[in-house]
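Please treat every number below as a calculation from the coordinates, not as lab data. None of these values were measured; they are calculated from a predicted model. As a convention, Cβ positions derive from the backbone with ideal geometry for all residues, glycine included, and neighbour counts pool all protein chains shown.
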Amino acid sequence: MLPNERIIVALDFDSRTDALGLVDRLGAAAPCYKVGLQLLTAEGPAIVHALIARQKKVFLDLKLHEIPNSVASAVAVAGALGVSMVTVHASGGAAVMRAAVEAARRFPDLRVLALTVITSLQDQDLAEIGVAGSVRDQVLRLAQLAAAAGCHGVVASPQEAALLRAVLPAHLLIVTPGVQLPGGSHNDQARTATPAQAIRSGSTHIVLGRSIARAADPGAAFAAVYTEVEQALSPQ
């Protein structure tokens with residue numbers, strides 16, 4: 001992968017105009033975008049079609065957490081839309097993930113990613129919902145379950161990337177949200193890192209939203225991320 005193919009820009013907007021305005025402003029430099037619940041709810045599948053018409057790769061972050069049949073049906077629809085990645089909650093269990101992977105077989109370019117623990121959660125939050133052990137324990141447990149179920153990759157914070165890279169098969173993708181440029185505000189994300197830290201820890205892809213979208217100059221911000229990624233990939 002080229003360095004810019006590892007950078008996924010999150011389109012955290014609620015309008016097509018704002019989302020595509022950023023895409024067009026970044027131009028050919030940025031080939032990959034995340035569409036999450038906010039934008040999909042506002043604009044529907046048409047926003048995915050618009051991105052693909054611009055020859056962009058789409059990471060459809062649905063965070064599917066339902067019975068296996070419902071998840072499989074949603075994955076098939078995502079594949080038919082032409083997206084490159086779709087997410088399913090690993091906490092839904094092995095049967096759910098296997099159903100998602102099976103549904104994706106019809107679409108050779110579609111990758112099923114298992115979401116482990118969202119980046120806003122810390123150890124005390126897991127205890128609050130009855131999950132014993134630390135965030136790292138839970139991320140590792142769910143990632144190994146996802147690998148056994150045949151998922152193409154996992155989603156975890158950059159703080160767990162090194163742990164996962166050491167134990168997961170080499171071909172599995174590790175996609176990390178919670179990535180921000182140095183000096184950025186953590187906002188509601190608790191487990192964060194810079195682009196360079198994430199890549200050096202083993203992330204194959206990094207997801208950035210506000211660091212680019214809310215920057216005074218999004219193009220310059222993307223270029224700064226690219227430089228960090230390129231340097232992190234260079235032999236030390």
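Which value in deg cm²/dmol, rounded to the nearest 500, describes the helix-derived mean residue ellipticity at 222 nm for the chain, given -39,500 (n - 2.57) per DSSP H run of n ≥ 4 and division by the residue count? Could the numbers behind the result be given before it?
Working: 11 runs with 105 residues, N = 236.
Rounded to the nearest 500, it is -13000 deg cm²/dmol.
Each residue of segment 107-119 was assigned a 3J(HN,Hα) from its phi angle through the Karplus curve 6.51 cos²θ - 1.76 cosθ + 1.60 (θ = phi - 60°); the sequence is 10, x, 8, 8, 10, 8, 10, 9, 7, 8, 10, 4, 6 Hz, with glycine and proline shown as x.
Please say if segment 127-217 is rounded, prolate or oblate, where rounded means a/c under 1.5 for a ≥ b ≥ c the square roots of the C-alpha gyration tensor eigenvalues, and otherwise the choice is prolate for a/b larger than b/c and oblate otherwise?
Values: a/c = 2.32, a/b = 1.46, b/c = 1.58.
Oblate.
Give me the dipole magnitude in Debye, nearest 20, for the chain about the Cα centre, with unit charges on the beta carbon: positive for Lys and Arg, negative for Asp and Glu.
On the way: 19 positive and 19 negative charges, 109 e Å.
Magnitude of the dipole: close to 520 debye.
Give the peptides 28-39, 79-90, 165-176 in descending order of average Cβ contacts within 10 Å, highest first. It would help to have the intermediate numbers written out before the result.
Values: 28-39: 18.6, 79-90: 22.6, 165-176: 15.8.
Top of the packing list down: 79-90, 28-39, 165-176.
Here's the picture: charge each Lys and Arg Cβ at +1 and each Asp and Glu Cβ at -1 in the chain, and of 222, 138, 150 the one pushed furthest to the positive end of that dipole is 150.
Shown in residue order for segment 90-96 are the 3J(HN,Hα) couplings computed by the Karplus curve 6.51 cos²θ - 1.76 cosθ + 1.60 at θ = phi - 60°: 5, 5, x, x, 5, 5, 5 Hz (x for Gly and Pro). The orientation-averaged projected area of the convex hull spanned by the Cα atoms of segment 3-233 comes to 11.7 nm².
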